[in-house]
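None of the figures in this text is laboratory data; all of them are computed from the coordinates on show. This one's a predicted model, so the numbers in the text were calculated from it and none came from an experiment. All Cβ positions, glycine included, derive from the backbone under ideal geometry; neighbour counts span all protein chains shown.
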Amino acid sequence: MNKKIIIGIVIAIVLIVIVGGIVVFVQNKNKSKPEDIWQKYISCINDRNYEEMYNMITEESKQRISQEDFISRNKNIYEGIDMTDMKIEITGIEEQDKTTTKISYNSTMNTEAGEISFSNQVKLNKDKEKDYLITWNSTLIFPQLSNTDKVRIKTISAERGEILDKNGTVLAGNGTVSSVGIVPGKLGENKETNIEKIAELLGTTSDAINDELSASWVKDDTFVPLKKVATTETELKNQLLQIPGVKITSTSSRVYPLGEIAAHLTGYIRTITAEELEENRGKGYNSNSLIGKTGLEKQYEERLKGKDGVEIYIEDSQGNRKSEIAKIDVQDGEDIKLTIDANLQTEIYNKTKDNKGFFVVMEPKTGAILALVSTPSYDVNKFVLGMTDEEWNEINTDENKPMLARYLQKWCPGSTFKPVTGAIGLTTNSLSTEDTFSYNGLSWQKDESWGNYNVTTLTAYNGPKNLRNAIIYSDNIYFAQAVLKIGKDNFINTLNKLKFNETVDFPLSLAKSQYSNTDTIDSETLLADSGYGQGQILVNPIHMASIYSAFANDGNMIKPYLEYEENKQVEYLVENAFTKDAANIIKDDLIQVVETVGGTAHDMKVDGRTIAAKTGTAELKTSKEEEADILGWIDCFSTDSNNNQMVIISMIEDGRDAGGSRYLKGIIKTLY
């Protein structure tokens, strides 16, 4: 044979061998390893991709369980125990023969009953295309679980913690309500007529009741609950019991003994929504859980709800308990005691319930909040007992906004802001008690550059136009001129120091106080208006209580707090907010507002008490043609050694009709 031909044949053979090797290498490289397939299967469990899991098991396994049953079994078990974050650690890989590989692994997962961990094994077989598929049976869910066993979960509900006032009075607690329902077999011959009567009394419809009665589980002797009502609804219950088929039982429920009086403070709980359930996945909630929706019920949800006792166990086909998988003991929720005085809260609410406004009452030396009242209010118990669409629409569309917690908002403070301006001037040494301003009449403007704009004041008075008289007689013009003398930078910088434009740390979310709709005061006239609490000044009432406390604390703003704490150390929101001298000068001037005949709060004087106060009227300007509505304010505090020391920040809307601050004076006087 020709030598060249032989060499060519050899080269060809070598090339064939090399190419074949490359093909085999590439094929092997593209084939998944058994451990990769198992990791992918675990990822599908975490993603709840049960259909893809079924595609990864062997044909022999599929002959034992249909796709529908496979998906149902895995879904019901994993989601029933609220499984999340499954992880595996492979501890061994053994090739049993050319087609079978056994993997040993440790598994951990989070569940409603806490973390579960176990060791297990899985076999994977190569299919005809030389890839790996999983030999599946129920032991891959839990090692001790056979195909005929069931995984059960038992929950022992935790008792929700109570919200208490400073003396232990229950503001939100666990009580008993009446459950009104029907026993269908006892409705009698006039069934439809009786259902109509029941529907009318319960504020629902016959169709809604018939829907309840048509449920598959309902039998003639079944009690079908329709609505919860307060145990005090004696007349309603007596009327219902006259109708054949009606039955009333007692059931446990969240109750709010003060009802409307503390509704905005406590808030309420209701059944968790699908969105809330997803947001709180892995935190022990299920579709029937109750969760705080507003107020302190929402704020303290995690502490109040406690932790349900949960047991996950395996039950055999005979209904016998086979083995325990995981268990956590029930842990009742925490009781939370507030600084609130329920008697004071009730007294204020009963005096103000027919008006729109708020009261904030705080101890000036400690910061303890004694009362937070917002009016009008709503019966918070209705949200727990069940509210008809008509009842909800009535509350939701009420122009008086009964669900608005007014003490959490920000408002134009009017003349109650004048002491703040004065204290800023004294603290920054840009204003003194000796400074006086000259002007005549009740209207003033700086110069012609203000055009048609004038600052007006309501009351003429004798004596110098100085700081004390301007506070006593509430002189707008003085404070307009004073703030121009203080200067924008001093004014804004100090307000920033006082926590304006900041979130004040408090259990409930407070609106941020502001001095402008932007980050500055961009005109001279706006600065002038700001000096007497108009312009774009808006203040949160609880924040204002802290600011006023500085006048009773040598210039230190006390930090407001709501949760009772034995022997609590005093905390300041802002130390040295004002100088000691400035704070005491303003305090003495505010005392004269009450003590001086002709002072705007003189009729608040109480024998044996020393009260410092400032009244305020804030105009809510709409247009030049319309008469503006007003907010009536009184901000005050007691300065004597009496135990009944209180800072009171109060406001009433519709002040023109209700009498503004005059209306508030009588109420506050009784509190002192």
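The slack between ASN288 and ASP354, meaning 0.36 nm per residue of separation minus the straight C-alpha distance, is 20.0 nm.
Evaluating 6.51 cos²θ - 1.76 cosθ + 1.60 at θ = phi - 60° for every residue in region 152-162, the Karplus couplings come out as 10, 10, 10, 10, 10, 5, 6, 7, 5, x, 9 Hz, glycine and proline recorded as x.
Residues whose amide H lies under 5 Å from that of GLY357, counting only those 5 or more places away or on a different chain, are THR375, GLU653; hydrogens are built 1.01 Å from N in the peptide plane.
Computed on the chain, the Cα convex hull volume stands at 298 Å³ per residue. Short-range pairs are left out: with C-alpha atoms under 8 Å and at least six residues apart, the relative contact order of region 163-336 is 23 percent.
3J(HN,Hα) along region 180-194, derived from phi through the Karplus expression 6.51 cos²θ - 1.76 cosθ + 1.60 where θ = phi - 60°, amounts to 8, x, 10, 9, x, x, 10, 6, x, 5, 8, 4, 5, 5, 5 Hz, with x in place of Gly and Pro.
Note on LYS365: aspartates and glutamates with a C-alpha under 19 Å away, same-chain residues under 8 apart excluded, are ASP341, ASP505, ASP554, GLU563, GLU565, GLU566, GLU571, GLU575, ASP581, ASP588, ASP635, ASP640.
Give, as ranges by residue number, the residues of region 124-168 whose backbone N falls under 18 Å from the point 7 Å along Cα→Cβ of ASP36. The answer is 124-134. Rounded to 0.05, the FRET efficiency of the THR232 and GLU200 pair, given R0 = 22 Å and the Cβ-Cβ distance, is 0.60. Computed about its Cα centre, the charge dipole of region 247-387 is approximately 320 debye, with only Lys, Arg, Asp and Glu carrying charge at their Cβ. Ranking THR148, ILE472, VAL183 by how far each Cα lies toward the positive end of the dipole of the chain (charges on Cβ) leaves THR148 at the top. Charge dipole of the chain (Cα centre as origin; +1 on each Lys and Arg Cβ, -1 on each Asp and Glu Cβ, all else neutral): 1680 debye, rounded to the nearest 20. Other residues lying with their Cβ under 13 Å from the Cβ of VAL330 contribute a combined charge of -1, Lys and Arg counting +1, Asp and Glu -1. Give the cross-link partners of LYS353 among the aspartates and glutamates, using a straight C-alpha distance below 16 Å as the criterion and excluding same-chain residues fewer than 8 apart. Within the straight-line limit of under 16 Å, LYS353 reaches these aspartates and glutamates: GLU260, ASP379, ASP398, GLU399, GLU653, ASP654, ASP657. Legend: distances between Cα atoms for LYS305/LYS327; LYS219/LYS382; LYS410/LYS559; LYS102/LYS327; pairs beyond 23 Å are LYS219/LYS382; LYS102/LYS327.
A simple packing score, the average count of other Cβ atoms within 10 Å per residue, orders the peptides 466-473, 557-564 as 466-473, 557-564, with the highest score first. Counting Lys and Arg as +1 and Asp and Glu as -1 over every other residue whose Cβ lies under 12 Å from the Cβ of GLY173, the net charge comes to -3. Of the residues THR339, THR234, THR436, the one with the fewest other Cβ atoms within 10 Å heads the list, and the complete ranking is THR234, THR436, THR339.
For region 135-269, rounded, prolate or oblate, judged on the Cα gyration tensor with a ≥ b ≥ c (square roots of eigenvalues), a/c < 1.5 rounded, else prolate if a/b > b/c? Oblate, since a/c reaches 1.5 and b/c is not below a/b. Per-residue packing, averaged as other Cβ atoms within 10 Å, sorts the ranges 423-431, 66-74 into the order 423-431, 66-74, beginning with the highest.
The long axis of helix 67-80 is offset from the longest Cα principal axis of the chain by roughly 40 degrees. Rounded to the nearest 10 degrees, the angle from helix 418-427 to the longest Cα principal axis of the chain is 90 degrees.
Shown is the FRET efficiency for LYS298 and GLU619, computed with R0 = 25 Å from the Cβ-Cβ distance and rounded to the nearest 0.05: 0.10. Listed cross-link partners LYS446/LYS580; LYS485/LYS665; LYS351/LYS499; LYS401/LYS669; LYS62/LYS128; LYS166/LYS497 are compared with a 21 Å cut-off, the Cα-Cα value being larger for LYS446/LYS580; LYS485/LYS665; LYS351/LYS499; LYS401/LYS669; LYS166/LYS497. For THR388, neighbours were defined as the other residues whose beta-carbon sits under 14 Å from its Cβ, and their charges (Lys and Arg +1, Asp and Glu -1) total -4. Calculated FRET efficiency, GLU52 to THR222, Cβ-Cβ distance, R0 = 35 Å: about 0.25 to the nearest 0.05.
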